[in-house]
Amino acid sequence: MSESKTGFPGSNGNSGFHGNNGFRGMLKLGVILALYAAAACVGLAFVYAGTEKVITQRRQADLEMALKELFPGADSFRAITDIKSSDPAVTIEEGGAFQAMKNGQAIGAALRTSRASYNGEIKILVGVGVDGSISAVKILEHKDTPGLGANAAKPAFYNQFAGKKVSDPFVPKQDVNAITAATITSRAVAASVKAAGEAASVWLGGSR
C-alpha cells in the first residue's frame, strides 16, 4: 500500500512559498504607501509654513502702509505695550499700539482696536495726535452687511472723524453722521475711535 500525500502547506515546496510571497508583497506595499504619506505630510508642512510666512509679511506690509496713511509725516513707529482702553467694550489688540515719531519726537499714537458690531468684530486703526485730536481713521476688517454697515469702510464715513477732539461726544446722529439703516455699526465705529482717542491721549500725556 502506497502512502498518500496530504498536501500540507509547504510540504511540496509550492503553497507556503506563494503565501509568504503574498504577505511580503503586501508589507512592501504598505511601507511604500507609508513613505508616500510621510513625504506628502512633510510637503504640506513646508507649503503651510511658506504660506503662513507670506501672509504674515503681507499683514505687516499692510499695517505699515496704514500707519503711514494715519501719520504721513512720521519717519518711524515704536511699539507701545503699556496702554489700556477706556471702554471695556473696545479692545486694544495685542501688538496693535504704536507711537508715531518724527525727528526723534512723538507726534501721536496709532491704536488697532476691536469691538463687536452688527455681524461680528470690527477692527479699526485710529491715529491720535499729541494735541488730543484724531489724525485719521482706517477700517481694517469688518463683517457687516454689504450696502449697509459695510459702508463704514468707505472714506465718506470714516473720514469725518479726522480733526475731532478726543473730548467730543462721538455719538451717532449728534456729532457723528450715522450710516443710514446701520446704527449699530455707526455706534461701534464711533465708540472705538473715542476709546482709542482717550487711551492714546492718556498715554501720550504720560510719555512726554
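Please treat every number below as a calculation from the coordinates, not as lab data. On a predicted model such as this, the values are computed, not experimentally measured, just so you know. Note: ideal-geometry Cβ built from the backbone for every residue, glycine included; neighbour counts use all protein chains shown.
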Proximal lysines relative to K68, as straight alpha-carbon distance under 16 Å, when same-chain residues fewer than 8 apart are discounted
K102, K138
Label A40 and Q60 with points 7 Å out from Cα along Cα→Cβ: what is the distance between them in nm?
3.3 nm
In angstroms, what radius of gyration and Dmax does the chain have, counting Cα atoms only?
31.9, 120
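Multiplying the sequence separation of E69 and A162 by 0.36 nm and subtracting their Cα-Cα distance, what value in nm do you get? Please report the intermediate quantities before stating the final value.
Working: separation 93, 0.36 × 93 = 33.48 nm, distance 1.21 nm.
Once the chain is fully extended between E69 and A162, it gains 32.3 nm.
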Dipole check, the chain, charges on Cβ (K,R +1; D,E -1), about Cα centroid: among P169, I92, N119 the Cα furthest to the positive pole belongs to N119
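How many percent of all Cα-Cα pairs in the range 118-193 sit more than 14 Å apart? If you can, show how the numbers build up before the last one.
Values: 1557 of 2850 pairs.
Beyond 14 Å sits 55 percent of the P(r) for the range 118-193.
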Under 12 Å, Cβ to Cβ, from G120 - net charge with Lys/Arg +1 and Asp/Glu -1
0
What's the angle, to the nearest 10 degrees (0 to 90), between helix 183-207's Cα axis and the longest principal axis of the chain?
80 degrees
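Under unit Cβ charges (Lys, Arg +1; Asp, Glu -1), what dipole magnitude, rounded to 20 debye, does the chain have relative to its Cα centre? Walk me through the numbers before you get to the answer.
Numbers: 22 positive and 17 negative charges, 48 e Å.
With Lys and Arg at +1 and Asp and Glu at -1, about 240 debye.
When a/c is below 1.5 the answer is rounded, else prolate if a/b is larger than b/c, else oblate, so apply that to the range 52-102 with a ≥ b ≥ c taken from the square roots of the Cα gyration tensor eigenvalues.
Numbers: a/c = 2.13, a/b = 1.19, b/c = 1.78.
Verdict is oblate for the range 52-102.
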Specify the angular offset, from 0 to 90 degrees and rounded to the nearest 10, of the alpha carbon long axis of helix 15-70 from the longest principal axis of the alpha carbons in the chain.
10 degrees
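May I ask for the net charge around K194, where only other residues with Cβ less than 13 Å from the Cβ of K194 are counted and Lys, Arg are +1 while Asp, Glu are -1?
Values: positive: R115, K164, K165, R187; negative: D87, D168, D175, E198.
Overall, the nearby charge balance is 0.
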Which order do peptides 29-39, 145-155, 129-139 fall in by mean Cβ count within 10 Å, highest first?
129-139, 145-155, 29-39
For the residue pair E93 and V202, what label-to-label distance in nm results when each label sits 7 Å from Cα along the Cα-to-beta-carbon direction?
2.2 nm
